Amino acid sequence: MSTAKILRIYLDPEPLQRARQGKFNFVNMIASALEGRGFRVEYRKNSDLERLASAARGGYSLFLMDDPIHANALTMRRSYFYPFWRIEASGKRWEFEVAQKSFDPSEIDHDEAKAWADKWRKWLFKGAALQPTTDGPIYIALQGRLLSQRSFQAASPVEMIEQVLIKFPDIPVLAGLHPAEVYTQEEREALEALRERCPSLTITTGQMEQALASCRFVVSQNSSAAFLGYFFGKPAVLFGRIDFHHIAANVHDLGAQQALDVVQSMAPEFDQYLYWFTMKNAIRADADDCEEKILNTLEKRGWQVD
């Protein structure tokens with residue numbers, strides 16, 4: 001049975017307004033691509049109730065970062081920096097298509113990748129990534145829920161910090177709180193207790209770029225800071241599952257102690273990986289072939305767009 005040629009895109013208030021004004025480039029490109037195939041496209045308010053109701057409305061549904069909850073739904077998510085995006089069948093980044101692929105640096109031209117990465121270093125970091133050093137601390141990029149071990153994590157964030165401190169008692173460690181997170185008193189007390197026990201630990205909020213510019217390597221669950229650290233030539237230890245795992249020391253695969261051992265000598269092909277991950281496996285919203293790639297991706301995900 002064919003699906004009605006209707007696409008409803010569910011967005012929170014600010015992106016919804018931008019989309020209706022034609023100022024949400026990637027969403028507007030999706031609409032243009034499908035309208036060109038005879039679809040009716042609606043921008044709708046996002047809420048739990050609206051997403052649940054979408055299954056009964058017929059047609060197709062597209063959510064921004066929320067899990068696709070029925071057979072004709074997909075999710076879209078920015079691929080860490082504009083204008084790169086992904087359209088996926090799962091809201092879990094470690095289940096994204098790119099996460100299931102293998103990275104082979106020999107398939108990516110070294111000089112082309114370096115030129116591309118250098119351009120983005122200048123654009124994203126205003127030159128801060130062009131001359132990084134490795135004489136600073138170990139940088140632990142934190143997110144939220146510091147005391148909980150979630151299903152995709154090998155340890156809770158606080159346990160992750162403890163394991164780094166035990167492994168490297170004589171090396172400075174910088175734990176960076178996410179500036180957009182709201183931390184509980186219990187979480188802050190747990191961090192303070194660690195800091196009192198281990199003078200090598202410093203706790204800060206934000207300052208990601210400064211940390212990436214000087215740190216020895218990055219430790220995180222699956223923070224985007226670890227991915228952006230690749231632009232600074234900084235290897236990463238990942239305690240959580242994620243889509244950019246290919247060149248990291250993965251605790252789920254190696255165990256914490258071995259991952260913390262091997263990261264110290266890791267020197268992957270950062271530029272070739274960044275180029276492969278982004279240019280070869282994401283959709284660039286300002287590219288001439290953006291609409292074509294959108295349609296190809298939707299077809300690959302099982303939508304009938306002819």
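The values are calculated or read from the model by the stated rules, or taken from the named source; none is laboratory data. Note that the structure is a prediction, hence the values are computed from the model and not measured. Every residue, glycine as well, gets a Cβ built from its backbone with ideal geometry; the counts of neighbours run over all protein chains shown.
Summed over region 146-198, the residues that are under 19 Å from Arg241 (Cα atoms) and part of a loop (DSSP other than H, G, I, E, B) give a count of 11. Being at pLDDT 95 or above, over 24 Å from Gly127 (Cα atoms), β-branched (Val, Ile, Thr) and not assigned by TED's automatic domain parsing to the domain that holds Lys167 is a description that applies to Ile294. Looking only at region 93-112, how many residues end up being more than 30 Å from Arg40 (Cβ to Cβ) and part of a loop (DSSP other than H, G, I, E, B)? So the answer is 6. Of the residues making up region 83-112, those that are exposed (fewer than 14 other Cβ atoms within 10 Å of the Cβ) and not acidic (Asp, Glu) are Gln100, Ser102, Ser106, His110. Is it the case that region 48-56 has a residue that's more than 22 Å from the chain's Cα centre (by Cα), more than 12 Å from Asp12 (Cβ to Cβ), surrounded by fewer than 19 Cβ atoms within 10 Å (Cβ to Cβ) and touching a residue at least 24 places away in the same chain (Cβ under 8 Å)? The answer is no, given that none of the residues of region 48-56 is more than 22 Å from the chain's Cα centre (by Cα), more than 12 Å from Asp12 (Cβ to Cβ), surrounded by fewer than 19 Cβ atoms within 10 Å (Cβ to Cβ) and touching a residue at least 24 places away in the same chain (Cβ under 8 Å). Could you tell me whether Phe217 is within 25 Å of Arg145 (Cβ to Cβ) and touching a Pro at 6+ places or on another chain (Cβ under 8 Å)? In short, yes.
Scanning region 57-66 for residues that are touching a helix residue (DSSP H, G or I) at 6+ places or on another chain (Cβ under 9 Å) and within 16 Å of Ala31 (Cβ to Cβ), we see that the one that is surrounded by the most Cβ atoms within 10 Å (Cβ to Cβ) is Tyr60. Scanning region 258-306 for residues that are crowded, with 21+ Cβ neighbours inside 10 Å, part of a helix (DSSP H, G or I), among the β-branched types (Val, Ile, Thr) and touching a helix residue (DSSP H, G or I) at 6+ places or on another chain (Cβ under 8 Å) returns a single hit, Ile294. Each residue in region 67-79 was checked for being of a type outside the set (Val, Ile, Thr) and surrounded by fewer than 19 Cβ atoms within 10 Å (Cβ to Cβ), and 5 pass.
There is no residue in region 156-172 that is within 30 Å of Glu292 (Cα to Cα) and among the hydroxyl-bearing types (Ser, Thr, Tyr).
Conditions tested, residue by residue: (1) closer than 25 Å to Phe277 by Cβ; (2) without any contact (Cβ under 8 Å) to a residue 24 or more places away in the chain; (3) in the same structural domain as Val251 (by TED's automatic domain parsing).
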position	(1), (2), (3)
Ala115	yes, yes, yes
Trp120	yes, no, yes
Leu124	yes, no, yes
Ala128	yes, no, yes
Ser151	yes, yes, yes
Glu159	no, yes, yes
His178	yes, no, yes
Arg195	no, yes, yes
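Taking region 200-244 and the strands (runs of 3 or more DSSP E) fully enclosed by it, the elements with 2 or more residues that are of a type in the set (A, V, I, L, M) and touching a Lys or Arg at 6+ places or on another chain (Cβ under 7 Å) are at 201-205.
Yes/no per residue for (1) in contact with a Phe, Trp or Tyr (Cβ under 6 Å, 6 or more places away or on another chain); (2) exposed (fewer than 13 other Cβ atoms within 10 Å of the Cβ):
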position	(1), (2)
Thr3	no, no
Arg8	no, no
Pro13	no, yes
Gln21	no, yes
Phe26	yes, no
Ala31	no, no
Glu35	no, no
Val41	no, no
